[in-house]
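The values are calculated or read from the model by the stated rules, or taken from the named source; none is laboratory data. Computed from a prediction, not measured in an experiment: that's the story for all the values here. Here Cβ is always computed from backbone atoms with ideal geometry, including for glycine, and neighbour counts include all displayed protein chains.
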Amino acid sequence: QNEKELQDAVKRQEARMLQLIDKSGEVMRLKGEVSQLKRSLQRAETEAKVLWEEMRGQEPKVDAAYVQERVLLRQEVDKLRLLLLEKEDENLLLSDKY
């Protein structure tokens with residue numbers, strides 16, 4: 001009887017572990033989705049910011065290529081800032097670890 005109880009306990013534990021693994025995979029997928037949405041939002045905010053700056057006080061005729069170049073440059077700056085913050089976070093984690 002003890003052996004049967006032990007086997008049941010092991011089966012329940014295995015089931016719980018599988019549930020945790022499934023939840024962990026779902027959490028990772030959702031984190032990836034959130035990250036992608038944040039990048040999309042940042043891109044849209046960057047475009048809106050550049051367009052707003054260009055339209056404010058600008059003549060009716062605005063060079064679309066110039067605006068696009070400004071948007072791309074602003075996106076690149078934002079991406080570099082994000083990379084810098086990520087690297088600083090990684091360095092903090094590594095310094096805490098060691």
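Looking only at the range 47-97, filter to residues that are exposed (fewer than 10 other Cβ atoms within 10 Å of the Cβ) and modelled with pLDDT under 75; which one of those is nearest to residue 35 (Cα to Cα)?
Here the answer is 97.
Determine whether the range 25-44 contains at least one residue that is out of contact with any strand residue (DSSP E or B) (no Cβ under 6 Å at 6 or more places or on another chain) and touching a residue at least 24 places away in the same chain (Cβ under 8 Å).
Looking through the range 25-44, at least one residue is out of contact with any strand residue (DSSP E or B) (no Cβ under 6 Å at 6 or more places or on another chain) and touching a residue at least 24 places away in the same chain (Cβ under 8 Å).
So is residue 3 touching a helix residue (DSSP H, G or I) at 6+ places or on another chain (Cβ under 9 Å), of a type in the set (D, E, K, R), free of Cβ contacts under 8 Å to residues at least 12 places away in the same chain and not assigned by the TED database to the domain that holds residue 68 or not?
Spelling it out, it is not the case that residue 3 is touching a helix residue (DSSP H, G or I) at 6+ places or on another chain (Cβ under 9 Å), of a type in the set (D, E, K, R), free of Cβ contacts under 8 Å to residues at least 12 places away in the same chain and not assigned by the TED database to the domain that holds residue 68.
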